[in-house]
Structure formats: C-alpha cells, structure tokens
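See below for the structure under consideration.
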Amino acid sequence: MSSSTAKMRQGTNPDPAPCADCSWCASAMDMEDSDQEELEGPERDCDSQDELSAELALERRLGFRPQKRLSSLNHLPYSGGLDQEAADNLAKIKLNLATAVTENDRRGFQLYTRRLEIFLNNYLLFMSKEDHVLFVKLYLAMMQRSPTDYRNIGNCSKLVRLSAEEGSLCTLMARLAYENPGQIDWSTLPSGGVRSPACARSGCPSPYKKVAQPRSDVDAIPGLTSWVVGMLGGGTETQVYLDRLLEAVESYYYASNAGSWQDPLSRFLSHLCSVFVRRLNRERHKKASWFHYTAPGHELSDDDVTRFVKSVLPCALLGIYSWGHSHRATKCLRALAQLRPDLVITPIIESFHQSLESVTEPHRLTSTMNAVSAVLRTMTESGPRPEVVPLLQLVLPGIDPNDKLKTMCTFVLIDRLADMITFVDCSSEADNPELTELEQQACLQTAGMEDVVLQLLSRFLALLEPNSQEGNSRPDQQHKRGSQEETVLPTVLRTACFSILNKASPEIQRCAVLKLRDCMAGRILETRLSGKLAAVICCGAIMANPELGLRTLIPPVVQTILDLSEDVQHEEKLDQELLFNLLLLKEMVCSCGQYLLPYRPLLEQVLERGRHLACPEGAELTSELLLSVLTALLAVYITDHGGLKGRLADPQQRHLIVREWGKCTDMRSLEISWHVPTDEEVLWADSLVHQFVEPELDELELFMEDVSRLNNEQLLCRLKLLHHGLKGASYALPAVRDLPIDLLNIAVDMSPLTLDTGAAQLPSCAGLRARILSVMHRLTDTLTTQRPDDTKSLGKLCTIMETALFHFGVKRSENENEIKVMHTTHSSQGKDFGPKKYSSRTLAAWVQLQHNQRVVYGNTVPFCETFRMVIHDVFKLAINHYSYVRQVAQSVLFRCVSHCQQALLVLWPLLVEMLGKPDITHEQLKVRKAAPKTVTLH
C-alpha cells in the first residue's frame, strides 16, 4: 500500500511538502481561469475581520481549509449544510478510492473516479492542497501501474491537468515569447520572420510570377499570434511589422474577395485580439505569478494599446461582412471595444446606420446588428450614451415575418439591449441636479419609452399573421424550415418579451399586458406555429409580472374554454378557438406557483373537462397543462435577480434608474429570490396527482383485464396523461428504493453521494414510481400479446418507464446543453479585460444551472429488482417488429445500461440467449447495436 493510499484510507492529511512527481500541479492552480471559475469570480483575500473569522471557523469545523469554494453555492436556498455535505462526500471518495486500490477493485476504482468528477463539477476544488496533491499522486501512480485497466482516469483531467506535448518548434517559441515578454531580444529575427509565415499559413494567393497558392494551416495560427503578441511592447518594432502585415492582407477581408483564405485570416484576427487582451489583462489586473512574467519596462503601455487597436480595427470592420466568418470579426470587435471604446463603437454605429438605408444587401444589416450586439455592454457600462435609446426604434423594422434570419438577429440585439438598460420613463427627472449631463440627456430620451415598448410588442404580434408562415425558400425545404421555426423562434420570442417587460416600470407592464388581453380576445390561431408564438408572448409577459399577468389574462381564457367545452367529450375534432385557448392557458401557468393558488378551482375544472376528450390534440393539450401546473408548484427555480423590481416600482428612485444601465456584478454581490414549494403548493400538487394521475393507473389495470374497454386512441391519451402527470410530479417523488442487488462483488460502498436539492416530498405518493413501473410491466405483456400493432402506445410505455426510473425534474442532456450555451453566452457577453463581472441575469442563470446539476446527480437509482424488471421489459420491446418501437426502446435500453454497469450483466445473457436461437429474426439482430461497449458510472 502506497503512503498516499494509506493516508486516504485513514482520512488524514499528508505532509504538505511538495513532491517531485507533482511539480506541475502548482502551475495548474495559477493557470488561466476556466469558464466556470470566471463566472464564479476570482478567489479574493478576506476583506474584513468577519470574513477571516468565518473562514477560520469553517476550517475548524471541517478539519481542513478548502482551496476553492463555489460562490454560487451560497445563493442556493438550501446552502446551509453544503459545506459539511461536501466534506462528507470528499471523505467517502477518499476512503473508497483507497479501498479500491488496496483490494485491486477495478470497477470500484472506475466508479469512484466518476464520482470524483461529479464532486469537482458540483464543488470545484473544495479540498485542501494536501488532498489535491494526494489525488495527483494516486492517479499518476495508477497510470504507471496499469493504464489499460483504469480507462476512466481521464475523467479527472480537471484535477490532474496533464498538458499535451508541444507539436512544433514554432509553438514552443510562441509560448516562450508569450509567457516571458521582454526576456528575449527578438529583434535579431529578419523583418519578415513572423510576417512571411503568417501570410503563408493563411493561404493567401500571390500574384507574383503566378506562384502557386500555398495551403493554409489553421493549427499554426494560435502559435503565430501568441508569438506576435509576446513581442509587442517595450519599444520594439513589432507593431510596425504587424501594421505592414495587416495592410498587406486587408483586401482579403472584403466579402467580395471570397476564397479559402478567409477562414484562416479570420482565425488569425480573432486569436490576435484574444491573446492581446489576455496579456493586457494579465499585466494590469491579475495577481503576480511565476507562470507569467513580463520584464520591467516591457509592459504594454496605453500607446501600445491604441496603436494595436488602430491597426486591427480596419480588418475587423471589413470582416463582419464575410459570409460564414463574421462571428470571428464580431468577437474581435468586442475585444477591441473593451480596450478603446471611443475608437471602436462610433464606426460600428455608423456602419449600422448605413446598412439600414440599404435595401438590396440584407446581409449587411444582420452583420452590423451582430456587431452592435457584441459591443452593447461596453456602450452602456460606462454610463448612459445618446446612441442607446434610438437603437430600440432603429431595430423595429428588423422584426420581419418574411425574413427569419433578420428577425433572429434582431431578437438577439433586443435581448442584449434589454439586459443592459431599463424601460422606464424618467423624463420628469431630467432636471434633477444629482444627475450628470449625459444622465439628464438619457432621461429625456426615455420620454417615449412606453411607445417604444408597445411598438416592439406590436412587432412581436405581427409574427402571428398568416403570412408569417410563408417564405421564399424552396418547396422541398418547407418542412425543415418549419421545424427550425417551431423549436427556435418560440424560445427566442419568449426570452425577448420577458427581458423587456422584466425591466420595465409597472405602468409600462400594465399597458403591455392590457394590449395582449385585447389582442387575444376572440382571436383564433392554429396551434402549430402562430398559436404557439402568441402563447409564448403571453408567457413572457406573465413571467415578468406574474400577479398582474395572471389576473388580467387567465380569467377570459378560462371562461372561453369552459364555454366551448360543454358537451364536446366525444367529438373527435374540436373547435379551433378551444384548442388555441387551451394552448394559451398551458403556457400562461408557467409562472410562480404561489400566484396560481387563487385560480385552483378554475384550473381543476379545465383539467377535469379536458383530460378524456376524444380529440387527441385537445387531450394532449390538457395533459400538458397538468404538467405545467405541477412544474410551477413543485420545481425550485429563481423568480427574481438583482433586486431591480423593487427599485423600478419606487417613484422616489426614478432619477437613479438610468444609473442601472450597464450595471454588472459578481457572484458574491448577486441578489436572488427563489421559488421553494410551500406547504399549500405541495398539498395542491398532491391532490392533483390523486385526482388525475392515480385514476389512470386504476383504469389501466381494468384495461388489462378487459382490453375492449379502450381503443388505441383512448389508451394513448390515458398514457399521455399519466406520463405528463408523472413528469410534473417527479420533482417531489423519491427514487425507487428497493433492496440493492450486487452482481459485481465490488469492494467499495455502492451507495450514492449525498447531494441536497431542496426538493419537496408529496406526502402520500412515496410509492408512485414503483406502482407505475409495476403497471407498465404487466401492460407490456398485455399489449405485446393482444395489441402488437399499437406502436404509439408501446413507444409511450418505454417513455413512461424511463421517466419513472430516471427523471427527477431535470433532464441530464438538456442541462448539459444549457451549460454549453451558458459558456457561449459567457464568451460573447462577458468581459475579457478588467474585473470579471456579468449581468445579474447571466449569473442567476448560472446559479440555476448549478441547482439543476445537483438535481441530475443527486438522484441516483441503485440497481435493484425493479431496475432489472425494466431492463427485461425494454429488451422485449427493443426487438419488436416495428421500427418506431425498436428505436424508442433501444434508446431507453442504452440509458439503463449507461446508468449502471450491473445492468450490462443482465443484458448480456439476454443477448447471448437470443443470438443462440436458430430462428433469430432480422429485428432481433439489430438490438445488438444498442448494447454499448462502455458505460458511465454514477
């Protein structure tokens, strides 16, 4: 047993002396911050005696001093016991890793390596430096011992951080120059030493004597840009050579001069700006570190920054019109605007005005819109600017029902603009002596803010017109285009509407909601696209002010539904107005649960009338309404951030509202309000489950005794209602807890890590998941023998089993995608230079994702008899004759096997038995492809 393993088993800290094997570990702690660490905010010293005392008390309570504590955890509504929870989980991981090593338990080592990764995702480096060194020693020793047996070691790369070997001499020289500016005299290089390779690597053609066009090498561009930036400053001639280089290639950035060289040239410009800003930020705002050292006198001066910006700006302004590469030029302009806003913002605004006047080049307008969106934060963070408010009126024509791309770009611009300013009429405070001249000018410009908001809302509603579904694309692309609109456009429209009204004054919110009520009264829209867009607009307005929105919009919609739903239970085709109002109601209840309580009788009456409609679309909308109500009641989510609503409603602070423009904050100063289910909400949700979910299980049990009770359509509607009710209640339903089964004889503790999620518990539904799985088990046998051609019901069976076993309110794949989007948002809206601050909305979204991640990993289903039963049922459907049933079942089967390694041991005998049959069918052979070669352990 190694010393590090022994100390892990004992739970004690080793000698803090550094080790020879891990000398690189210290450098990992000083490297550039990751996206997550930047959103969390840099670690800072204690600013007061109270903070120092709190840290010392935490160290005494835990027995160690954590290296890094996620600031976002402090904002969770259940943050009180998370420190002790992290310490307990860390001790469990250390003990079981040591047990796995000493017992030579490969599967146990893989399991707790995966759990260590989960720990790092949820707590970051909430461990002592001594434990950090122990983990590094352990994994280095295991890689030397038997790399092939421990394939999951790479999962802990965030902890170990091994760097890859450098691929070329150019990359080594570039890193040397960038990490040590001024330490080496690069003036001995030929004048074209960097310029010539840069031109060659970009693949630019040469007209001299018909020289063959060189091949571009985009992999070398990061090294070249780092080398160039590393040589800048200290009075060198590098900037002169860079000016000549950019002048030589400027013509290749024109959109009309398209070719293979535009991709490497756009990459070169983007990397150049990013590396320059990173170096400047390191020299002026980062703590001193041995990892980066700039020689005295070689720091980048203000004059160096100005010359660099003037040199790069012309190419960046041309690059925004490039087809397919404009996003890199936009990123470049965002970085330059942070350095010299006075030089960058004005030409961008001028280009935007010019593109508005052009009617033959729509690409110019969308490109300049994206550029303006990139520099909005810089425009507003230094205080109100005269260009900001007119932008709202200028972008109104961009919402065009016949040009979806332009509409999307306009929504992005509006959303980011709404994130930076407030929609309040402050004109009455323009003569306040407390305000500066620019602030007084901004107050005067807000005189027409109500009209601007109502015009924007009118443009949103214009998308509902019938011609909004017409397009100029080819007929064979209509279905694909419609699918993209149905998924992307509603989300963007909801976000834009919410962003505007959430930062509007109560008076403007009231006018907007009344306009929506008048617009929706008596209106009939189809439910596929136009009706969905109308519904999400109402949803955005209600999310901004739930009390006002529900009070104004819910009663007329519910009354219309009740009037039209009398005596329609057996009609297979319902009135379009009824379907449209059901769609509206389904989206309207996606608000804070406590505001739905006054409408409980009305909502239950609608659910009772619509749950067994003969019309499939009406029944499905009713089941989705049940899902929305249960989600609003039981989910834990953020209702307000930044504390702005109170200031917007206070007339005495109206003259200070303009100072909120561009205001950003860090994670430590963030203000958040949460929705946590109250007892009244939990009791109502419990009543809804008893009233609308459990009766469906009773009916299914009667159906299995007499299959003539329900036809295929009725059975599918019952299953959909059951599925949506289960999905909505899953936030407050505990996991299936049968006695665990150990088929692997693992030496480690198989119980999951403890992750508190603040979830409520439905008082009388603890065994609902197990009952649903039991009914689905018997229903599978019934349908496969008596109704084998009912493919839709068989597919819904698989979905219900997956939801009952694995779903707890947050889907893992969706949460991971949202985290990727958040990192993209961080890179496009964050600030690369200066203190790492973000808008309160961005930080609140990150805290919500942290909570969602805890929900994903905090509810782990152990392998038990119920789990094994599900695998057998899903395997039976995975070899079904119908392809639709096979596809759905095989995806669920893969989820089961990926979740638990022991499930694979149950699956393999079934596969071997099936393959050994002489009369094996073609469909049965296909299921082999669904069996994964590797598994993800939890």
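So the values come out like this:
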item: Flag for H823 being part of a helix (DSSP H, G or I) and open to solvent by less than 40 Å² (accessible area, probe 1.4 Å); result: no
item: Residue list for region 252-290, restricted to those being farther than 25 Å from L318 by Cα and either open to solvent by 40 Å² or more (accessible area, probe 1.4 Å) or touching a Cys at 6+ places or on another chain (Cβ under 9 Å) (or both); result: E283, R284, H285, K286, K287, A288, W290
item: Selected residue (only one of L805, L783 is touching a Leu at 6+ places or on another chain (Cβ under 9 Å), in contact (Cβ under 8 Å) with a residue 12 or more places away in the chain, in a helix (DSSP H, G or I) and closer than 19 Å to R709 by Cβ); result: L783
item: Region 104-149: number of residues that are over 20 Å from R69 (Cα atoms), open to solvent by 20 Å² or more (accessible area, probe 1.4 Å) and among the aliphatic types (A, V, I, L, M); result: 3
item: Residue, modelled with the highest pLDDT, within region 564-612, restricted to residues that are of a type in the set (K, R) and more than 22 Å from I537 (Cβ to Cβ); result: R600
item: Residue check, L62 modelled with pLDDT of 90 or more and crowded, with 17+ Cβ neighbours inside 10 Å; result: no
item: The one condition in (1) in a loop (DSSP other than H, G, I, E, B); (2) at pLDDT below 85; (3) not assigned by the TED database to the domain that holds T346 that A220 fails to fulfil; result: (1)
item: Matching residues, region 405-436, being at pLDDT below 85, over 20 Å from K645 (Cα atoms) and of a type outside the set (S, T, Y); result: L405, A430, D431, N432, P433, E434, L435
item: T368 more than 26 Å from G642 (Cβ to Cβ), assigned by the TED database to the domain that holds P347, β-branched (V, I, T) and surrounded by 21 or more Cβ atoms within 10 Å (Cβ to Cβ); result: yes
item: Selection status of S311, part of a helix (DSSP H, G or I) and touching an Asp or Glu at 6+ places or on another chain (Cβ under 6 Å); result: yes
item: Output for region 699-713, where each listed residue is open to solvent by less than 70 Å² (accessible area, probe 1.4 Å) and assigned to a helix (DSSP H, G or I); result: E699, L700, E701, F703, M704, V707, N712
item: Subset of region 84-98 (residues that are open to solvent by 20 Å² or more (accessible area, probe 1.4 Å), farther than 24 Å from R812 by Cβ and in contact (Cβ under 8 Å) with a residue 40 or more places away in the chain); result: A91, L95
item: Pair list, Cβ under 9 Å, 6 or more apart: region 297-325 residue touching a residue at least 12 places away in the same chain (Cβ under 8 Å) and over 26 Å from S251 (Cβ atoms), other residue open to solvent by 40 Å² or more (accessible area, probe 1.4 Å) and not charged (D, E, K, R); result: G297/G235; H298/Q183; H298/G235; H298/T236
item: Unmet criterion (only one of (1) surrounded by fewer than 22 Cβ atoms within 10 Å (Cβ to Cβ); (2) in contact with a Gly (Cβ under 7 Å, 6 or more places away or on another chain)) for T410; result: (1)
item: Single residue of region 321-334 satisfying the filter (within 26 Å of the chain's Cα centre (by Cα) and not in a helix (DSSP H, G or I)) that is surrounded by the fewest Cβ atoms within 10 Å (Cβ to Cβ); result: G324
item: Filter result for the condition that a residue is surrounded by fewer than 16 Cβ atoms within 10 Å (Cβ to Cβ) and not hydroxyl-bearing (S, T, Y), over A430, A447, A442; result: A447
item: Unmet criterion (only one of (1) closer than 27 Å to P677 by Cα; (2) part of a loop (DSSP other than H, G, I, E, B)) for Q84; result: (2)
item: Hits in region 852-867 - residues which are open to solvent by 10 Å² or more (accessible area, probe 1.4 Å) and either among the hydroxyl-bearing types (S, T, Y) or in a helix (DSSP H, G or I) (or both); result: N852, Q853, V855, V856, Y857, G858, T860, E865, T866
item: Residue pairs meeting the criteria (Cβ under 8 Å; at least 6 apart or on separate chains; first within 14 Å of L607 (Cα to Cα), in region 714-735; second charged (D, E, K, R) and open to solvent by less than 10 Å² (accessible area, probe 1.4 Å)); result: R718/E696; L721/E696; L722/E696; G725/E696
item: Inter-residue pairs, beta-carbon under 7 Å, first of a type in the set (A, V, I, L, M, F, W, C) and in region 663-678, second modelled with pLDDT under 90 and open to solvent by 50 Å² or more (accessible area, probe 1.4 Å), 6+ apart; result: C664/E381; C664/K837
item: Residue count, region 242-290 (criterion: of a type in the set (F, W, Y) and at pLDDT 90 or above); result: 2
item: Sole exception among (1) open to solvent by 10 Å² or more (accessible area, probe 1.4 Å); (2) over 30 Å from H285 (Cβ atoms) for S382, by number; result: (2)
item: Of residues in region 657-687 being of a type in the set (A, V, I, L, M, F, W, C) and within 20 Å of R377 (Cβ to Cβ), the one nearest to the chain's Cα centre (by Cα); result: M667
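Every residue, every condition in (1) open to solvent by less than 40 Å² (accessible area, probe 1.4 Å); (2) part of a loop (DSSP other than H, G, I, E, B); (3) within 19 Å of F863 (Cα to Cα); (4) not charged (D, E, K, R), yes or no:
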{"site": "D756", "(1), (2), (3), (4)": "no, yes, no, no"}
{"site": "P763", "(1), (2), (3), (4)": "no, yes, no, yes"}
{"site": "V810", "(1), (2), (3), (4)": "yes, yes, no, yes"}
{"site": "P835", "(1), (2), (3), (4)": "no, yes, no, yes"}
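The values are calculated or read from the model by the stated rules, or taken from the named source; none is laboratory data. Just so you know, these numbers come straight off a predicted model, no measurement behind them. Virtual Cβ from ideal backbone geometry, glycine too; neighbours counted across all protein chains shown. Ligands, DNA and RNA are excluded from the accessible area calculation, which covers all protein heavy atoms including side chains. Shrake-Rupley method; radii C 1.70, N 1.55, O 1.52, S 1.80 Å.
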